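One structure is given below, encoded as structure tokens.
The values are calculated or read from the model by the stated rules, or taken from the named source; none is laboratory data. Quantities reported herein were computed from a predicted structural model and do not represent experimental measurements. Note that we place each Cβ from the backbone using ideal geometry, even for glycine, and neighbour counts take in every protein chain shown. Each accessible area value is taken on the protein alone, full model and side chains, heavy atoms only, with ligands, DNA and RNA left out. Shrake-Rupley method; radii C 1.70, N 1.55, O 1.52, S 1.80 Å.
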Amino acid sequence: MSWKLYPTDIESEKVVNRLAQVMNLDPGESEETIYISVKNKRADPPPVACSGTPAICILPLGENQALETMQMSALSHFIVLQALPFGAVLVHGALIAKDEKGVILAAPGGTGKTTASSRVGGCWVQMSDDATLVVKDNDGVFHAHPWPTWSRFFDNGPGGNWSVENAVELSGIFFLSRADENAVTPISKGEATGLLTESIYQVMVPMYRDRRDKKENEKICSMQLNIASSIIEKIPAYTLHISLTGPFWEEIDKVLEITNSSQDECIQNSACSLSITEDNKEIPNFCDGTIPVVYSGPSMNPTLVEPGLLKVRPYKKEILKVGDVICFHSAIQNHNIVHRIIRITPHGLVTRGDNNLQSDPDLVKEEQIIGKVLSAWTEMGPRKIPGGITGYWTHLFLLIYKRSRIVLFWILLIFRPLFLTCKKKMHDISIRINPEIVVFSHHQRKVCKLFYKGKLIGKYDLRNKNWSIAFPYWLLVDRYQLPNIMTQIRRYEEKKVP
């Protein structure tokens, strides 16, 4: 299990270089590739957008030290999520090692695992103080990798570096508990699985809690639980009662019977590895000489969808046609843009996004052109991007469709009052409907929705105090004649009271 980190723009190259310094990564080859790009605007919501095949990671801008740290943290989170289906999981616990064996000191924040791991003695060494990546190899053996403590980089912290490719065989997991004397007590597999799952949840939930796909989140939680169970089946777990002073590691020695050896023999390499491109000064090439470009944003929808990996043929003075999709560098906005050529002038190219109504304000000069987009990869697989006359007519159709929707919206908006007036006067109107208001609780919040014949047609915004009703039902429902929402909520509360 190995990945290569491929930056596809200048900003993502800086992120990869910083992460390589923190994780002590070297150039090399690997089985899988993660393509990385930095958005030209702040990412909201969360920073990481990804697709299954190929793996694409889109990060926010790094405008200061805190945001640069968030970039590295987000990229490391993405790596962990990519490793999860292979049986790898991140544990909230410090990693200490001795004689090619390692143990995890797991505990919630503030319990003292950082302090405890930093004062180990004998032949024990600290490999990480807050998080550990646990990976299962092809032989079923679990290895523990040190993982960076990103909080050390905020507020002018000391920072640090961790050799994440160096790993030790996992021999035990110790859940810390403060006590007056050092002691170790075994715990049942059921209790250990619960504690380990909680430790995994504490450090991994920020990676996916803001994702909108609830089924995907449930799948991630299920994989975490299965991995935790498989770890406890093979790795012994204990409660380590630890005092503020005293050689607690001697209690670990007694339980695991690890013999003394030199610290130089404590670390070995496992099957999990990360690498970076051999020359980060240039954008990495595909085998056929084309270059990868990560697409983000809505300007080319539906032709291109975020996140997407584009196959771009480098521009070498060849003839470009109206309708071709090109990638070019905008000097004013200082980032790369992917748009379609809609007109060619003696002074430059006029471009526009398929989802935009207006052309780009600046002409594209020859020296700004990076290349022509040939195809795109998404979760649905690769597909060719039409160019030339086909691309132009595709763009024209989308433009007409978008503008017609706007015109239709304004027509309906203008004639809606007239329609409602007619409706009030015609009591026997055949298209009159009587929707039902349903009130329920969701995450301790009241939710009001509008149904008609079992179909959801609208919802009530409690903050702005107005209804949002789907087309065409908003033509048939007078929202001002609907029952009072507060009255409906009071009735709901009364029904809940026994």
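Per-structure values
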| read-out | value |
| --- | --- |
| Average accessible area per residue (Å²) across region 67-177 - probe 1.4 Å, nucleic acids and ligands excluded | 31 Å² |
| Protein accessible area in region 84-132, 1.4 Å probe - carbon and sulfur % | 51 percent |
| Fraction in percent of alpha-carbon pairs per bin - 5 Å, region 56-143 | 3, 13, 17, 17, 19, 16, 10, 4, 1 |
| Listed residue pairs exceeding 25 Å between alpha carbons, taken from 4/317; 214/449; 4/234; 4/214; 317/384; 311/365 | 4/317; 4/234; 4/214 |
| Vicinal HN-Hα couplings computed from phi for region 93-104 (Karplus, 6.51 cos²θ - 1.76 cosθ + 1.60; Hz; Gly/Pro x) | x, 7, 10, 10, 9, 6, 6, 6, 10, x, 10, 9 |
| Region 110-246 - share of DSSP beta bridges that are antiparallel (%, nearest 5) | 65 percent |
| Under 11 Å from the residue 495 label point (7 Å along Cα→beta-carbon), backbone N, region 438-477 | 438-441 |
| Value of D in µm² per second that Stokes-Einstein yields for region 436-475, Kirkwood Rh from Cα pairs, at 4 °C (1.567 mPa s) | 122 µm²/s |
| Hull shadow area, averaged, region 284-381 [alpha-carbon convex hull, nm²] | 6.5 nm² |
| Contour excess over end-to-end distance, with Cα ends at residue 119 and residue 463 and 0.36 nm allotted per residue | 118.6 nm |
